[in-house]
Amino acid sequence: MVKQVYNKLKHIHMVGIGGTGMNGIAEVLLNLGYQITGTDIAENQAVKRLKRLGARITIGHSAERVEGADVIVISSAVSRNNVEVQEARRLKIPVIPRAEMLAELMRMKYGIAVAGSHGKTSTTSMIASILEKAGLDPTIIVGGRLNKVGAHGKLGEGDFIVAEADESDRSFLYLAPFIAILTNLDKEHLDQYGDVEEIKKTFVNFANKVPFFCPVVLCLDDANLQSLIPKLERRLITYGFSTQAEVVARNPKFHEFSSASELFWKGESLGTLKLNVPGMHSIYNAMAAAGVGLDLEIPVATIFKALEEYDGIGRRFELKDTVKGSMVFEDYAHHPTEI
C-alpha cells in the first residue's frame, strides 16, 4: 500500500471505527495521508481523538456514508446486514475486514505479529517498547491505549510494524508476518472454532506463514502450544520457566506493582529483568518480547532498560483511583483464565 507507487486508493471508510481493533489502524492511515471517514454507534475517546486528527466520523450508520469511498473496512463486530455494507456492495465498493487492511500495512514493512488467547496487547506493546528504545521507530497497532502514546496506534519511520494478530474469527490468517509470537492457547471463541483442536490447527497455519528464515516465538510452558511443535515448520524460539526453553526466567521476586527475575538466553545468564508492571503474566509477556529483541540482536542492556521503563497500557490492571483506602482498577479481562 505504498501511496507514491499506487495512488488510486485515497478515501477509506471504516465501519466501527472506534473499536479497539480499528482505531489504531485508522490513526496510522490518517498519518499516511489518506482521507478517513467512519461511523460507529457511540462516541468514545478513540473517536474523539481521530476527529481531532482529521477523520470525519458520524455516530450512527446510514447508507449514504459510504458515498465516494474507494474501500470499506469493517470491524469484526459489524454484520454483513449493516446498511453501509449493503450499500457498498450495491455500489461495487470493495468491503474488507480490518485484518486485511492490517495485512496490507504489514506487507510493506517487517511485520511482527502477536497471537494468543491472552497477553497479546501487553506483549505487543512490550516488543514495541524494545524497538523504540533501540531507535528503530516502529509502526505500532495494538488493541489497547499505549500509555506513552495515548493511542492504539502510531506511525513510525522505521522498517518494522508490530501488531496484534486477532485469532477470534481466524482473520489473523490474512497476515504474513516476519516474526510470529504465540503467547498461549486457551478454550476461547468456540462459537467460531467448535473445539480446541480446531484452534490448534489454525494457530499452526498462522505460524507456518512466517518466512522459512524467520522465527516463531512460543511459550513452552503452555501445554497446548507445546503440542503444536511437531507441526511447526519454522525456526522456534521458546520461552518460559521450563529449563528446556531458550529464554528462561528464574527466581522471580514479586513486589506490589513490580517484579525482578534472572533472565537466561540459551543457558547463559543475562542479568536481572526488572518490571514495573505486576504479576507472573507480565514476566511471561516480557520473556516473549525479550526473545524477539534477542533474535533481532538488540543489545541486552537496551532490552532490559525498555522493559524496566514499560508502564503498561490502558485497561490492563490500570489503577484508576484510590477511594477510602481501597484501590480501584480497570481491566479488560473477559475470560475465566484472565480473571
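Rule-based calculations on the coordinates, nothing more; no lab input. These numbers were taken from a predicted model, which means no experiment stands behind them. Quick reminder, even Gly has a Cβ in these numbers, built from the backbone with ideal geometry, and neighbours come from all protein chains shown.
One chain, two ends: Ser76 and Leu236. Fully extended at 0.36 nm per residue, the span grows by 54.6 nm beyond their Cα-Cα distance. Each Lys and Arg Cβ is given +1 and each Asp and Glu Cβ -1; about its Cα centre, region 11-98 then shows a dipole of about 80 debye. Using Cβ point charges alone (K and R +1, D and E -1), the dipole size of region 61-204 about the Cα centre works out to roughly 140 debye. Here r is the Cβ-Cβ distance between Lys92 and Ala42 and R0 is 25 Å; the resulting FRET efficiency, rounded to 0.05, is 0.25. Projecting the Cα atoms of Cys219, Pro230, Ser258 onto the charge dipole of region 189-263, computed from C-beta unit charges around the Cα centre, puts Pro230 farthest toward the positive end.
Rounded to the nearest 20, the Cβ-based charge dipole of the chain about its Cα centre (Lys and Arg +1, Asp and Glu -1) stands at 780 debye.
Each of Gly116, Leu53, Ile96 was scored by the projection of its Cα onto the charge dipole of the chain, and the greatest displacement toward the positive side belongs to Leu53; charges sit on the C-beta of Lys, Arg, Asp and Glu. Of the cross-linked pairs Lys154/Lys305; Lys148/Lys266; Lys109/Lys154, which ones have a Cα-Cα span greater than 26 Å in the structure shown? Cα-Cα > 26 Å for Lys148/Lys266; rest within. The helix-based estimate of mean residue ellipticity at 222 nm for the chain, built from -39,500 (n - 2.57) per DSSP H run of four or more residues and divided by its residue count, is -8000 deg cm²/dmol to the nearest 500. When each of the peptides 270-279, 25-34, 127-136, 159-168 is scored by the mean number of other C-beta atoms lying within 10 Å of its residues, the order from highest to lowest reads 159-168, 127-136, 25-34, 270-279.
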